[in-house]
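**Q** There's a structure below that I have some questions on.
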Number of protein chains: 2
Amino acid sequence: MPDLYQELDRLADSDMYPFHMPGHKRNLESTPLKGAFRCDITEIDDFDNLHAANGIILEGQKRAAKLYGSDETFYVVNGSTAGVLSAVSSVASYGDTILASRGSHRSLYNAAYLKNLNIKYLPYSFETEYEIPTATRPEDIKEALDDSISAVFITSPTYEGKCADVRAIAELCHQKKIPLIVDAAHGAHFGLSKLVPENAVAQGADIVIHSLHKTLPSMTQTALLHVNGELVDRNRVKRSLSIYQSSSPSYVLMSSIDLCIKEMEEKGDEFIERLVYFRNKIQEETKYCQNVKVLGKEYIDDPSKVLICSDVCTMTGQNIYDILREEYALQLEMAAEKYALAIITGWDREDGIDRLIKAICEIDARVSSSFYKKSDRANRCCIIPEKVYSIAQGWDMEKELVLIEEVVGRVSGEFVNLYPPGIPILAPGERFSEEIVENLKGYLQEGLNLQGVQKIEKQGIIKRGFICVKQK
Amino acid sequence: MPDLYQELDRLADSDMYPFHMPGHKRNLESTPLKGAFRCDITEIDDFDNLHAANGIILEGQKRAAKLYGSDETFYVVNGSTAGVLSAVSSVASYGDTILASRGSHRSLYNAAYLKNLNIKYLPYSFETEYEIPTATRPEDIKEALDDSISAVFITSPTYEGKCADVRAIAELCHQKKIPLIVDAAHGAHFGLSKLVPENAVAQGADIVIHSLHKTLPSMTQTALLHVNGELVDRNRVKRSLSIYQSSSPSYVLMSSIDLCIKEMEEKGDEFIERLVYFRNKIQEETKYCQNVKVLGKEYIDDPSKVLICSDVCTMTGQNIYDILREEYALQLEMAAEKYALAIITGWDREDGIDRLIKAICEIDARVSSSFYKKSDRANRCCIIPEKVYSIAQGWDMEKELVLIEEVVGRVSGEFVNLYPPGIPILAPGERFSEEIVENLKGYLQEGLNLQGVQKIEKQGIIKRGFICVKQK
């Protein structure tokens, strides 16, 4: 069976003339996006249909299932976002209760909105030294699991590369016949070699969502959804995927998925070896740095995630990020308060890795004489607020803007969070407590990126406020 | 302000090294999708964020709004599907009633499922001679509009290029302060020149959804959502778009949108002139054909849609489609019972158009001696069935498979439709009547592509059945 890309390539080289969508007619002379336009077709004969796959796309999905050891795998062209919406919609009915970590991706909250779910939140915390969000612990699952729960949703690995014990959590769930969804958007490279952690599919999760573009060589917005076992209704998964994804899925994105799976089938070992070689090189060559530290295995499970921290408290993660970008032309993924995060993969170039090492060492050498000042930072808010309404109710009710001075006791009508990490401080329907408002004031004073706060200008004075559910 | 593609191009040529997603690191040596990978980044500095646009993406959206004359325009990377879901979710609350044509795209039905909407269906019919689905008439809207309706949803132009009188329909809606959504997925090229029909944005619709890939030169899965006037809450539109679209939107798709808008700004007139020139050439050079007819302006409003019909009833649309593909290497968009449909645009090549003309003339010359036989076809079912449950209820209830012989009186648990045209004969929650079942049997006997029918093998005999709501 040929690959999708091979067939698209053959078609592009053939005499077949397109009297169908897309309207660009693969007219390469007229576009700079030649490599993309060349393979961009619609559902014509012999090219299958993502939403009712029974040909070349089904074959590709089967290869992906084999690679990861899942019962069934689906290509996703609307990102892990669509994977999460589809997964939750497949296991929870309108009004159900699910158990989920507070640090879940926004798509979990959106799924809860769409299905009017009640979310029972797992406790969350930050590893104290570097303020890294921790992964879900089995003991927390064990304590929270009760008969009201329709499904459990966890994230592993996290954005920062921390892993949960998915095997233990899956066992706890399965004892109660509750399906476990693992948002493994950042873990598509896991299990491809013994040099990286095991994959959530192999660890017994019922649904696993993998972004392919995050840590593997595939285009942005591509993902996989894997289904295992008998707790999940496959027809509902297919239905949900067809609801949340375009009925004109991009063949460029699908062929990128196909090429990525093929690459991992043929050279997955090599890809991971290169990744781990790069990672070890970074660790080894920065190990004598005194002021800037690259967090090692004792902190971070995933070798793809390079967290660069300053130990001397004269430099924030944002400072490191800015210096790397502005002085060294190294664009990192993200900056948090205490670290800057670089993503590396097996497709990195050695010269890039060497530039990063050199930059870290140079920053280390100058950091003691740095003029950067570390701010005194309010403690991270790990409070789960009082829930007054469900997310669906709170988000859909009539709203009004309330000044921060008057917001204690009111119910939020929007999400409020720091970015990073993006974990909701308040979700719609949750109450502003005195403690939460004090924290919010602290974040604003520090100039942190607080999302959900509104600016109000009154007689030339700028005030801050939040969208609240309207009081009757 | 530079264009998105220009900036992506500049970045690709710069020394900036990517320690961020996507994992392919724009490593062009390793992929055949070079032109795509080269511009594939994530939300890094200076490249804005689709879901909170305030930079280069916002500028692009403003250019698109200006081109179409809308108040506000949004880029969509999950197809018109996400546009329709977002539009409906923005104007209808859980349990509301909307007025919609039965021939709406599946995404309208999916939106109704997600929001548990009651759909009041507009009557529908087929133009009798060639069985082309007709567009919605203002008089039908007038008759059906009442105070229970939260929003009106129509499709114009249709897949086959028929236009509704959007201006008259918008006036009727606005008299009652009801927002009008126009699924103009097939009409993004309208209004770009006086040679094509007016655009639904200019005709007063409150939300208009345009696929860019269908009739303009942009990649598959790209679309625009336009908002006009005060009847639609813009914040709800933004929220909905962020729910139904990836939080990692593809910069390749977005830059394709950007390039398409730029092309239409600069050369929209020329693009349409070329389209109309091609269309006139096809009409002119096939006008003496006696047996095969290309439907002209008297049938089809949109010059992009070339419907090729056989007048002598010895050849079906599928026959024409197959011959063009197999003998002439011309891949058409779709085949219906009485016509094959080709899409042409301003980016077609003259040699392609000439090949199509030559093929039509040759088929015309041989058609009288053709061995193809026309089937006697059951009448197209234009019945709106009895509704027992809402789509959300019907689709989510427990199901069972029922043999076609026993299905009269039962309630469907799935969509049942012919493809083409894809209009539901039954939606979930609707009852199989005697008349409907007779029609279904007819379609099966004719071997038409009936979607939703199940094969059941019992003791070596293959029977047919339908998924029904389980009877208690």
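**Q** Run down A:Leu241, A:Leu212 and say which single residue is touching a helix residue (DSSP H, G or I) at 6+ places or on another chain (Cβ under 6 Å) and closer than 23 Å to A:Ala342 by Cα.
**A** A:Leu212 is the lone residue from the list that is touching a helix residue (DSSP H, G or I) at 6+ places or on another chain (Cβ under 6 Å) and closer than 23 Å to A:Ala342 by Cα.
**Q** Criterion first (surrounded by fewer than 22 Cβ atoms within 10 Å (Cβ to Cβ), within 14 Å of chain A (Cβ to nearest Cβ) and small (Gly, Ala, Ser)) does B:Ser80 satisfy it?
**A** Against the criterion (surrounded by fewer than 22 Cβ atoms within 10 Å (Cβ to Cβ), within 14 Å of chain A (Cβ to nearest Cβ) and small (Gly, Ala, Ser)), B:Ser80 does not qualify.
**Q** Does the range B:439-455 hold any residues that are open to solvent by 60 Å² or more (accessible area, probe 1.4 Å) and under 14 Å from B:Phe466 (Cα atoms), and which are they?
**A** B:Lys441, B:Gln451, B:Gln454, B:Lys455
**Q** Something else: Report whether or not B:His51 is under 27 Å from the mean Cα position of the chain (by Cα) and within 14 Å of chain A (Cβ to nearest Cβ).
**A** Against the criterion (under 27 Å from the mean Cα position of the chain (by Cα) and within 14 Å of chain A (Cβ to nearest Cβ)), B:His51 qualifies.
**Q** Taking the range A:5-48 as the region of interest, how many residues are crowded, with 16+ Cβ neighbours inside 10 Å, in contact with a Cys (Cβ under 9 Å, 6 or more places away or on another chain) and either more than 7 Å from every other protein chain (Cβ to nearest Cβ) or charged (D, E, K, R) (or both)?
**A** Going through the range A:5-48 one residue at a time, the tally reaches 4.
**Q** Follow-up. Give the residue, chosen from A:Leu330, A:Leu307, that is more than 8 Å from chain B (Cβ to nearest Cβ) and in contact with a Phe, Trp or Tyr (Cβ under 7 Å, 6 or more places away or on another chain).
**A** Among A:Leu330, A:Leu307, only A:Leu307 is more than 8 Å from chain B (Cβ to nearest Cβ) and in contact with a Phe, Trp or Tyr (Cβ under 7 Å, 6 or more places away or on another chain).
**Q** Going by the structure shown, is A:Ile132 away from chain B (no Cβ under 14 Å), crowded, with 20+ Cβ neighbours inside 10 Å and modelled with pLDDT of 95 or more?
**A** no
**Q** Test each condition in (1) within 22 Å of the chain's Cα centre (by Cα); (2) at pLDDT 95 or above; (3) more than 14 Å from chain B (Cβ to nearest Cβ); (4) open to solvent by less than 10 Å² (accessible area, probe 1.4 Å) for A:Phe74 and report the one that comes out false.
**A** So the condition that A:Phe74 fails would be (4).
**Q** Is it the case, given these coordinates, that B:Glu414 is open to solvent by 20 Å² or more (accessible area, probe 1.4 Å) and more than 25 Å from the chain's Cα centre (by Cα)?
**A** no
**Q** Before we move on, is A:Val88 within 14 Å of another protein chain (Cβ to nearest Cβ) and either under 29 Å from A:Lys194 (Cα atoms) or open to solvent by 10 Å² or more (accessible area, probe 1.4 Å) (or both)?
**A** No, not satisfied.
**Q** Just checking, which of B:Leu28, B:Leu33, B:Leu11 is at pLDDT below 95 and under 28 Å from the mean Cα position of the chain (by Cα)?
**A** The conditions single out B:Leu33.
**Q** Yes or no: B:Glu430 among the charged types (D, E, K, R) and open to solvent by less than 90 Å² (accessible area, probe 1.4 Å)?
**A** When the stated conditions are applied, B:Glu430 passes them.
**Q** Additional query: Yes or no: B:Ser150 open to solvent by less than 40 Å² (accessible area, probe 1.4 Å), closer than 30 Å to A:Gly95 by Cβ and either without any contact (Cβ under 8 Å) to a residue 60 or more places away in the chain or acidic (Asp, Glu) (or both)?
**A** Answer is yes for this residue.
**Q** Which of (1) within 20 Å of A:Arg349 (Cα to Cα); (2) of a type outside the set (Asp, Glu); (3) within 14 Å of chain B (Cβ to nearest Cβ); (4) open to solvent by 10 Å² or more (accessible area, probe 1.4 Å) is the odd one out, the single condition A:Gln318 does not satisfy?
**A** (1)
**Q** Next question. Looking only at the range B:157-178, filter to residues that are open to solvent by 10 Å² or more (accessible area, probe 1.4 Å) and in contact with a helix residue (DSSP H, G or I) (Cβ under 7 Å, 6 or more places away or on another chain); which one of those is farthest from B:Glu131 (Cα to Cα)?
**A** B:Leu172
**Q** Oh, and also: So which of A:Ile272, A:Ile344, A:Ile308 ends up being touching a Gly at 6+ places or on another chain (Cβ under 7 Å) and either open to solvent by 10 Å² or more (accessible area, probe 1.4 Å) or closer than 26 Å to A:Ser193 by Cβ (or both)?
**A** That would be A:Ile272, the only listed residue that is touching a Gly at 6+ places or on another chain (Cβ under 7 Å) and either open to solvent by 10 Å² or more (accessible area, probe 1.4 Å) or closer than 26 Å to A:Ser193 by Cβ (or both).
**Q** If you don't mind, another one. Using the structure shown, decide if A:Pro217 is within 14 Å of chain B (Cβ to nearest Cβ) and either over 13 Å from the mean Cα position of the chain (by Cα) or among the acidic types (Asp, Glu) (or both).
**A** It is true that A:Pro217 is within 14 Å of chain B (Cβ to nearest Cβ) and either over 13 Å from the mean Cα position of the chain (by Cα) or among the acidic types (Asp, Glu) (or both).
**Q** OK, next. With a cut-off of at least 3 residues that are of a type outside the set (Val, Ile, Thr) and in contact (Cβ under 8 Å) with a residue 12 or more places away in the chain, name the strands (runs of 3 or more DSSP E) lying wholly within the range A:382-470.
**A** In the range A:382-470, A:399-403, A:461-469 are the strands (runs of 3 or more DSSP E) which contain 3 or more residues that are of a type outside the set (Val, Ile, Thr) and in contact (Cβ under 8 Å) with a residue 12 or more places away in the chain.
**Q** Sticking with this structure for a sec: A:Asn280: more than 14 Å from every other protein chain (Cβ to nearest Cβ), farther than 23 Å from A:Pro421 by Cβ, open to solvent by 30 Å² or more (accessible area, probe 1.4 Å) and not hydroxyl-bearing (Ser, Thr, Tyr), yes or no?
**A** Yes, satisfied.
**Q** Looking only at the range B:300-357, count every residue that is of a type in the set (Val, Ile, Thr), part of a helix (DSSP H, G or I) and more than 23 Å from B:Cys260 (Cβ to Cβ) and tell me the total.
**A** Residues flagged as of a type in the set (Val, Ile, Thr), part of a helix (DSSP H, G or I) and more than 23 Å from B:Cys260 (Cβ to Cβ) within the range B:300-357 amount to 3.
**Q** Just for the range A:203-214: of the residues that are crowded, with 24+ Cβ neighbours inside 10 Å and more than 9 Å from chain B (Cβ to nearest Cβ), which one is farthest from A:Tyr159 (Cα to Cα)?
**A** Restricting to residues being crowded, with 24+ Cβ neighbours inside 10 Å and more than 9 Å from chain B (Cβ to nearest Cβ), the top hit is A:Asp206.
**Q** May I ask you to verify whether B:Pro138 is away from chain A (no Cβ under 14 Å) and either modelled with pLDDT of 95 or more or under 27 Å from B:Ala64 (Cβ atoms) (or both)?
**A** When the stated conditions are applied, B:Pro138 passes them.
**Q** Within the range B:49-71, count every residue that is surrounded by fewer than 20 Cβ atoms within 10 Å (Cβ to Cβ), in contact (Cβ under 8 Å) with a residue 40 or more places away in the chain and of a type in the set (Gly, Ala, Ser).
**A** 1
The values are calculated or read from the model by the stated rules, or taken from the named source; none is laboratory data. Small disclaimer: the values here were computed from a predicted structure and weren't measured. No Cβ is skipped: glycine too gets one built from the backbone with ideal geometry, and neighbour counts run over all protein chains shown. All accessible areas refer to the heavy atoms of the entire protein, side chains included, with ligands and DNA or RNA removed. Shrake-Rupley method; radii C 1.70, N 1.55, O 1.52, S 1.80 Å.
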